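The values are calculated or read from the model by the stated rules, or taken from the named source; none is laboratory data. If you're wondering where the values come from, they're calculated on a predicted model, not measured in any experiment. Positions of Cβ are generated from backbone atoms using ideal geometry, with glycine treated the same way; all protein chains shown enter the neighbour counts. In case anyone asks, the SASA skips ligands and DNA or RNA and just uses the protein heavy atoms, side chains included. Shrake-Rupley method; radii C 1.70, N 1.55, O 1.52, S 1.80 Å.
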Amino acid sequence: MRRGWGIPVRALFGVLRVLAAAAIVTAIVGQFAQSWSMVPNRLTFVVNFFSYFTILSNALTAIVLLIGAWYAFTRRGDPYWYNLVRACAVTYMATTLVVYNLLLREVSLDQATTVPWSNEIMHVWAPLYLIVDWVLAPGRRHVEWRRLWTIAIFPIAWAVYSLIRGALVGWYPYPFMNPGQPAGYGGVAVYIIAIAAFILLVGAGIIALSRTPWPHEPDEPAPPAPSDERVGVVA
């Protein structure tokens, strides 16, 4: 590490990642247990519960943080595949933070009684920590710009799944995805396009941050090209 970002600081972020992952898992379990005790159809509830983008993005984040903690304890830098997955998680959590606080904070969602502390961890504190971790944690690698479309794959797949399942069972994870609202499918399309554009914008910002010179781990230099003598070329 350079500029004073040594192994102790990287290990510190490893500890913080474990604590953040534990908080997220506790929040998910707390909300699940509260709702489980109050719903009549538990099978339907389980499918619905894990259809929320918030739950899926938080579950992914907990896994990503635990993997990141392992790398923080055992390696000087993060591998490239992990950096891309981490960039996806940061983008999804930042989107969760903004969409919830702009569109859903005052809306009562259909998941029995919402647990306030769990709600705040998943929608506010976990996203904020993940953003801070992306900006400050040493060991980050560059993310290529062409990977922006990779970041968009999961949200698109989730939106398609939600609309198809919603049409079949009559349940949508969020009110703005329900075509039964006055604006119909046109209103749903506007919301989805706006959120998709926002996800791409956030993803672009996350990639841009990954390409700043601090505090990422310097990319490994490419191996020197073989000389003419080594490949048997005669001048």
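Just so you know, in region 170-198 the residues that are in contact (Cβ under 8 Å) with a residue 60 or more places away in the chain, surrounded by fewer than 18 Cβ atoms within 10 Å (Cβ to Cβ) and over 15 Å from Val98 (Cα atoms) include one that is nearest to the chain's Cα centre (by Cα), and it is Pro175. Pick out the one residue from Tyr71, Tyr82 that is over 17 Å from the mean Cα position of the chain (by Cα) and closer than 23 Å to Pro8 by Cα. After ruling out the rest, the residue left standing is Tyr71.
Got a sec? Which of Arg147, Arg86 is touching a residue at least 12 places away in the same chain (Cβ under 8 Å) and open to solvent by 70 Å² or more (accessible area, probe 1.4 Å)? Break it down into steps so the answer makes sense when it comes.
Numbers: Arg86 fails: open to solvent by 70 Å² or more (accessible area, probe 1.4 Å).
Testing whether each residue is touching a residue at least 12 places away in the same chain (Cβ under 8 Å) and open to solvent by 70 Å² or more (accessible area, probe 1.4 Å) leaves just Arg147.
Here is the figure for region 31-52: residues that are in a helix (DSSP H, G or I), more than 14 Å from Trp171 (Cβ to Cβ) and either of a type in the set (Val, Ile, Thr) or open to solvent by 20 Å² or more (accessible area, probe 1.4 Å) (or both) total 5. Among all residues of region 107-126, there is none that is in contact (Cβ under 8 Å) with a residue 12 or more places away in the chain, over 21 Å from Ile28 (Cβ atoms) and touching a Ser or Thr at 6+ places or on another chain (Cβ under 9 Å).
Checked against the criterion of being in contact with a helix residue (DSSP H, G or I) (Cβ under 7 Å, 6 or more places away or on another chain), buried (at least 22 other Cβ atoms within 10 Å of the Cβ) and polar (S, T, N, Q), region 96-114 has at least one qualifying residue. Within region 157-169, if we keep just the residues that are under 23 Å from the mean Cα position of the chain (by Cα) and surrounded by 13 or more Cβ atoms within 10 Å (Cβ to Cβ), the residue that is farthest from Leu43 (Cα to Cα) turns out to be Ala159.
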